[in-house]
1. So for the chain, taking the charge dipole from beta-carbon charges (+1 Lys/Arg, -1 Asp/Glu), which of 4, 47, 14 sits furthest toward the positive end?
2. Taking only the alpha carbons of the chain, what extent do you get along each of the three principal axes, in Å, biggest first?
3. Please identify the DSSP H helices in the chain that span no less than 18 Å along the helix axis (Cα) and have a mean Kyte-Doolittle hydropathy of -1.0 or more.
4. Please tell me the relative contact order of the chain in percent, rounded to the nearest whole number, where contacts are Cα pairs under 8 Å and at least six residues apart.
5. How large is the charge dipole for the chain, taken about the Cα centre, if only the Cβ atoms of Lys, Arg (+1) and Asp, Glu (-1) carry charge, to the nearest 20 debye?
6. Accessible surface of residue 75 in the full protein assembly, 1.4 angstrom probe, to the nearest 10 Å²?
7. What does the accessible area per residue of the chain come to in Å², with a 1.4 Å probe and no ligands, DNA or RNA counted?
Amino acid sequence: MITSRIAARLEGQYGAEASSASILLAEAEGRVFHEAAEEKVTAAVLILADGSVDKLLDAIELMETDWRDLLIAAELAHADWPSRLDDIFGTS
């Protein structure tokens with residue numbers, strides 16, 4: 001799900017390529033979930049990608065393989081994930 005804080009992170013990490021990165025994420029989420037994923041899944045991809053296109057593609061591949069492993073890798077698999085998102089992305 002591309003929330004305002006996710007959109008801001010995409011813009012900050014990918015600049016002119018933010019739109020393309022957003023489309024890649026949306027398409028992958030559609031393949032995995034058949035709809036937009038929860039914000040924490042999209043955030044997990046961006047956390048692991050850290051502004052790198054190659055890492056973005058790797059994180060998307062991990063989401064498509066097992067989105068739960070993606071959450072674990074991004075440290076968003078535990079009950080404290082909302083506060084971790086706020087720490088990283090700011091509050092909505």
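The values are calculated or read from the model by the stated rules, or taken from the named source; none is laboratory data. A quick note: this is a predicted structure, and the numbers were derived from the prediction, not measured. Note: ideal-geometry Cβ built from the backbone for every residue, glycine included; neighbour counts use all protein chains shown. What goes into the accessible areas is simple: the full protein's heavy atoms, side chains included, and nothing from ligands, DNA or RNA. Shrake-Rupley method; radii C 1.70, N 1.55, O 1.52, S 1.80 Å.
1. 4
2. Over the chain, Cα extents along the principal axes are 33, 27, 22 Å.
3. Working: long enough: 18-33 (22 Å, 0.75); 53-73 (21 Å, 0.32).
Span-like helices, by this rule, are 18-33, 53-73.
4. It rounds to 30 percent for the chain.
5. 180
6. 110
7. Roughly 55 Å² per residue, with all protein chains present.
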